[in-house]
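One structure is given below, encoded as structure tokens.
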Amino acid sequence: VVERIRCATPDLSIEWRLAKLRSVESWIANSEDADISSVMVQSEASKDEVGLYLSRDLKAGERAVTIPRSLCLTARDAPSWAIESTELSLGAKVAARLLAERRKGSISRFYVWLSSLPAYLDAPVAWSDNEAAMLQGSRAFRARRDIRDEWRTETRILNAKAEPRIDFESEYVWARLIVASRSYELPEGLGPVLAPWLDLANHDDECFLALDIDRGPSTGVIFALVNEGEIKKKGQPVTANYCGGRPMDPLKALDIFGWLVNNRADFCRIRSNIYRLGDPLDAIFATLSPLSVLSEANRLLQLLDDASFQREQAERDLLLTQVKQSTASSTITKTNTALPLTNRIAMAKSVVQGERRALLALIHAVQEHIRIYGDDVSSSSSPPTVRANFYEL
């Protein structure tokens, strides 16, 4: 069934994506100050994805990829009326320029690269409201709602001057997800940059490459991925940290990238003034009460449990719709939604079940802490190691 769906939907196949990327490779290689000779694009069959790999050994300090500024999109490239807006984020301005180029079609000088981008990104932010209902009660559901509300506001601001008007679902969500999932953050508050070929580097919390900004001999500013570690061998994957050197937040990974980090969803975040031990604000521990954390954890657990019926109903409605579509026509196009829908149902279940496990574990840990040490976290009888385990769970 998977193979039939892929045959009917070419842009789902690895072969289709690789063919498109070969064209992008030629487009970049023919540009002044571009150097992509140290990397090659290939697929990783086990993960069903495409990425960059070193085509030679890379010494410390050497550049893996160099892309001229002329091939990149930043907030400074947005339409003049968008640049001047004080209400739009820098990411929104990059999205506005991306959409402007996309609307030009084949006459855009970025057409080769644009045509290689996915037409749809399967992340909860892009899911329909019916599909997202399977996440009700979870952090992912609330985060999706907040992100989409923010993006809707940006769309209204853009549409005050954009012509033709930007459609939120089919255009703006796509553009915002491309910027969020494929850009690099520039220093000094300059916002995100979309750099073709650099955007093919897959994420790794502990990558060996870092974004470098320099001046090329011909075209001015260039962006490059530089090896900041020891020598790397030919064939190693070229990875980058999408979060400016920080570990990926599991919630961002889910809502923006459509990933379950390590295929798990065992995380929760408690809204409380708790900071990691060792931070400058560590002194605040003396004023905190585990009882307040316990109360918040129980409240979040109740939200999940209260929404269980709505989640089950949403899943039944989606599956019923799928059955109706399948029986209405025997064409393969009617089953194209089967694969992503099945993935989304499985992901939603994993998120909700994982978050519930994390909350139950946190509640148990707090209860044990209170049983042993009472409600006073500043007590000298409470070893720092116990407190660290408790607060960082």
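The values are calculated or read from the model by the stated rules, or taken from the named source; none is laboratory data. Keep in mind it's a predicted model, so treat the numbers as computed, not measured. Positions of Cβ are backbone-derived with ideal geometry, glycine not excepted, and every protein chain shown enters the neighbour counts. Please note that ligands, DNA and RNA were not included when accessible areas were found on the heavy atoms of the full protein model with its side chains. Shrake-Rupley method; radii C 1.70, N 1.55, O 1.52, S 1.80 Å.
The rows are residues; the columns are (1) in a loop (DSSP other than H, G, I, E, B); (2) closer than 21 Å to Phe257 by Cβ; (3) of a type in the set (S, T, N, Q).
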residue: Asp122; (1), (2), (3): yes, yes, no
residue: Glu131; (1), (2), (3): no, yes, no
residue: Met134; (1), (2), (3): no, yes, no
residue: Arg142; (1), (2), (3): no, yes, no
residue: Trp151; (1), (2), (3): no, yes, no
residue: Arg156; (1), (2), (3): no, no, no
residue: Glu163; (1), (2), (3): yes, no, no
residue: Glu171; (1), (2), (3): no, yes, no
residue: Ala175; (1), (2), (3): no, yes, no
## Note on the structure
When every residue in the stretch 352-380 that is open to solvent by 70 Å² or more (accessible area, probe 1.4 Å) and outside any helix (DSSP H, G or I) is compared, the one modelled with the highest pLDDT is Asp376
### Qualifying residues in the stretch 188-237 (those that are at positive phi and open to solvent by less than 60 Å² (accessible area, probe 1.4 Å)) - the one modelled with the highest pLDDT
Trp197
### Considering residues of the stretch 55-72 that are under 12 Å from Lys232 (Cα atoms) and not in a loop (DSSP other than H, G, I, E, B) only, the residue most open to solvent (accessible area, probe 1.4 Å)
Arg63
### Query
Is at least one residue of the stretch 318-326 assigned to a helix (DSSP H, G or I) and at pLDDT below 70?
yes
#### Entry: Options Val125, Val41; residue that is of a type outside the set (Gly, Ala, Ser) and either over 30 Å from Thr153 (Cα atoms) or open to solvent by 50 Å² or more (accessible area, probe 1.4 Å) (or both)
Val41
